[in-house]
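*Asks:* One structure is given below, represented as structure tokens, and several questions about it will come after.
The values are calculated or read from the model by the stated rules, or taken from the named source; none is laboratory data. The structure presented is a predicted model; accordingly, all values stated were derived computationally and were not measured. Here the Cβ positions follow ideal geometry from the backbone for every residue, glycine too, while neighbour counts run over all protein chains shown. Surface accessibility is based on the protein's heavy atoms, side chains included, excluding ligands, DNA and RNA. Shrake-Rupley method; radii C 1.70, N 1.55, O 1.52, S 1.80 Å.
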Amino acid sequence: MKRFGLFLVPLLAIHFAVLIWVAWGLPVGPHEAKLYFTGGNTASTLMHVGKEMFPEADFLNIRIPFLLLYAINLLLFYRLSRLLLDGDDVAVATSFLIFLFLPGIVSSAILVSSTGIILMVYQAFLIFYLRGRKIEASLFLLLFLFVDKSCVIFYFALLTYALWRREIPLLVVVTLLFSASIGIYGVNIHGKPVNYFVDTIALYAAIFSPLLFLYFFYSIYRILLKGKKNIIWHISFTVLLLSLFISLRQRIPIEDFAPYVVVAIPMMVKLFYRSFRVRLPQFRKKYLYLAIVVVATLILNTLVLLFHRPLFLFFNHGERHFAAPFYLPYWCASELKREGIHKIGVRKRNLAYQFKYYGIEQGGRLRLSTKKRGDIYKIVTIRYKNRRIGTCYVSKINR
């Protein structure tokens, strides 16, 4: 483990340097801008704290609190892995490195979301619960009620666990908290039934990376059939099943479900090493090759996520890039300000919030659109590295 520590220190230094660089240069996204101006939750509060403490740090300031949460979650996950993997140094190192490069977790460090907050409280609860420190675990259980609306999902999963294990004290406490959470946040079931099952699977695949999610899903299923089912497996399995079931009817906010699922990674790693070590050395090759391919795919996905900007050069239309909702509004707003336009009408509400963050207010006698509408007052060309990747049209509103 000492050799792993010598390798881990420079790796973490490089990792956080890259995250800071990405967070500093990544413009504010539509969800972030909306949270900044309208949100009253914990994530929104942290954004304003970062903005006030580091006003000159471009886009990094609103994300500094979430980078700190990411660092805390790494530490908590390491401790949780040691508890679950019985101090197996190799398995702990593997589990930690997978978590470190998980695309969904890396995203939580550089994007404003409630994921990091949920993970911190959830992991702290699990550590105290597994160590038998019921008072501290109960305090974090109560804290969940005031942290995020996803506590409804967590309390439901924990309620089914308490019923399954017949833990009456836990059942009573969780029943009260589950009722309170429904009273505060409600249950968001709405609209006409629409099947988003495939979309949800795709989101999980993006959070884990496709091959890793396949093996993770297999591991959860394998433990269901013949494995040791602890509280972490039960919550992850319940939340995963619940998210897939709800997605048969409506689109789900994946950030409310994913934090409870990814924490089961140590159990996946434990299953892999148990299958790997019971075989003779000459029969371990296929498992080793499988692990190499899965980890290589994971790292590749994370590298694409972090070093995504040059990919704009491969698209004739920049809006096809997965990061287009972050960059195109910012580049468009920058061009508008160069033209002396500081007030313009925008139909999309989230886009209006982004423009407001960049210093362009909503309203006035000009209107912005991505298609030609009426008399064109000005054509705004968006470029990256002298390559045209988008066009916006400014027209006058006739009154």
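*Asks:* For the condition in a helix (DSSP H, G or I), of a type outside the set (Asp, Glu) and at pLDDT 95 or above, what is the one hit in Leu76, Leu12, Leu46?
*Replies:* Leu76
*Asks:* Somewhere in the stretch 49-67, is a residue among the aliphatic types (A, V, I, L, M), surrounded by fewer than 21 Cβ atoms within 10 Å (Cβ to Cβ) and modelled with pLDDT under 90?
*Replies:* The answer is yes; a qualifying residue exists.
*Asks:* Further question: Go through the stretch 332-348 residue by residue and tally those that are under 18 Å from Tyr384 (Cα atoms) and without any contact (Cβ under 8 Å) to a residue 24 or more places away in the chain.
*Replies:* 2
*Asks:* Among the residues of the stretch 65-80, is any touching a residue at least 24 places away in the same chain (Cβ under 8 Å), more than 24 Å from Ala296 (Cβ to Cβ) and over 18 Å from the mean Cα position of the chain (by Cα)?
*Replies:* Scanning the stretch 65-80 turns up at least one residue that is touching a residue at least 24 places away in the same chain (Cβ under 8 Å), more than 24 Å from Ala296 (Cβ to Cβ) and over 18 Å from the mean Cα position of the chain (by Cα).
*Asks:* Output the residue which, of all residues in the stretch 1-40 that are open to solvent by 60 Å² or more (accessible area, probe 1.4 Å) and touching a residue at least 24 places away in the same chain (Cβ under 8 Å), is farthest from the chain's Cα centre (by Cα).
*Replies:* This residue is Met1.
*Asks:* Within the stretch 293-306, track down each residue that is in contact with a Phe, Trp or Tyr (Cβ under 7 Å, 6 or more places away or on another chain) and open to solvent by less than 60 Å² (accessible area, probe 1.4 Å).
*Replies:* Within the stretch 293-306, Val294, Leu298, Thr302 meet the criteria.
*Asks:* Those residues that are open to solvent by less than 50 Å² (accessible area, probe 1.4 Å), over 16 Å from Asp256 (Cα atoms) and either in a loop (DSSP other than H, G, I, E, B) or in contact with a Lys or Arg (Cβ under 7 Å, 6 or more places away or on another chain) (or both), I need them from the stretch 110-155; list them, please.
*Replies:* Ile110, Ile127, Gly132
*Asks:* Select from the stretch 332-348 the residues that are buried (at least 19 other Cβ atoms within 10 Å of the Cβ) and not small (Gly, Ala, Ser) and list them in ascending order.
*Replies:* Result: Cys332, Leu336, Ile344, Val346.
*Asks:* Consider the stretch 70-95. How many of its residues are under 18 Å from Phe16 (Cα atoms) and crowded, with 21+ Cβ neighbours inside 10 Å?
*Replies:* Of the residues in that region, 3 qualify.
*Asks:* Next up: Please go through the stretch 316-369 and give me each residue that is part of a helix (DSSP H, G or I) and of a type in the set (Lys, Arg), ordered by number.
*Replies:* Arg320, Lys337, Arg338, Arg349, Lys356
*Asks:* Okay, moving on. So is Val106 buried (at least 21 other Cβ atoms within 10 Å of the Cβ), modelled with pLDDT of 95 or more, under 26 Å from Met47 (Cβ atoms) and in contact with a Ser or Thr (Cβ under 6 Å, 6 or more places away or on another chain) or not?
*Replies:* Yes; evaluated as a whole, the condition is true for this residue.
*Asks:* If you take just the helices (runs of 4 or more DSSP H) that sit entirely in the stretch 160-234, which of them hold at least 3 residues that are open to solvent by 90 Å² or more (accessible area, probe 1.4 Å)?
*Replies:* Details: elements: 168-185, 197-208, 210-226.
Result: 168-185, 210-226.
*Asks:* Sort through Arg277, Arg320, Arg309, Arg249 and tell me the only one that's open to solvent by 80 Å² or more (accessible area, probe 1.4 Å) and at pLDDT 90 or above. Please lay out each step first, then the result.
*Replies:* Values: Arg277 fails: at pLDDT 90 or above; Arg320 fails: at pLDDT 90 or above; Arg249 fails: at pLDDT 90 or above.
Result: Arg309 is the single residue among Arg277, Arg320, Arg309, Arg249 that is open to solvent by 80 Å² or more (accessible area, probe 1.4 Å) and at pLDDT 90 or above.
Residues are listed down the side, and each one gets a yes or a no for (1) under 15 Å from the mean Cα position of the chain (by Cα); (2) touching a residue at least 12 places away in the same chain (Cβ under 8 Å):
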| position | (1), (2) |
| --- | --- |
| Pro55 | no, no |
| Val92 | no, yes |
| Val106 | yes, yes |
| Val112 | yes, yes |
| Ser138 | no, yes |
| Lys149 | no, yes |
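*Asks:* Give me the pairs, please: first residue somewhere in the stretch 219-248 and closer than 25 Å to Tyr196 by Cα, second residue anywhere and open to solvent by 70 Å² or more (accessible area, probe 1.4 Å), beta-carbon distance under 6 Å, and either six or more positions apart or on two chains.
*Replies:* Once the first residue is closer than 25 Å to Tyr196 by Cα and sits in the stretch 219-248, its partners that are open to solvent by 70 Å² or more (accessible area, probe 1.4 Å) give Ser247/Phe197; Leu248/Asn195; Leu248/Phe197.
*Asks:* Of the residues in the stretch 349-360, how many are in contact (Cβ under 8 Å) with a residue 12 or more places away in the chain, open to solvent by 10 Å² or more (accessible area, probe 1.4 Å) and of a type outside the set (Phe, Trp, Tyr)? Talk me through it step by step, then tell me what you get.
*Replies:* As a first pass, look at the stretch 349-360 and keep what is in contact (Cβ under 8 Å) with a residue 12 or more places away in the chain: 349-351, 353-360.
When the remaining residues are screened for being open to solvent by 10 Å² or more (accessible area, probe 1.4 Å), the result is 349-351, 353, 356-359.
Those still in the list that are of a type outside the set (Phe, Trp, Tyr) too: 349-351, 356, 359.
Residues meeting the conditions: 5.
*Asks:* Could you figure out which of (1) in contact (Cβ under 8 Å) with a residue 12 or more places away in the chain; (2) of a type in the set (D, E, K, R); (3) closer than 21 Å to Ala93 by Cα; (4) out of contact with any Leu (no Cβ under 9 Å at 6 or more places or on another chain) isn't true of Lys270?
*Replies:* (4)
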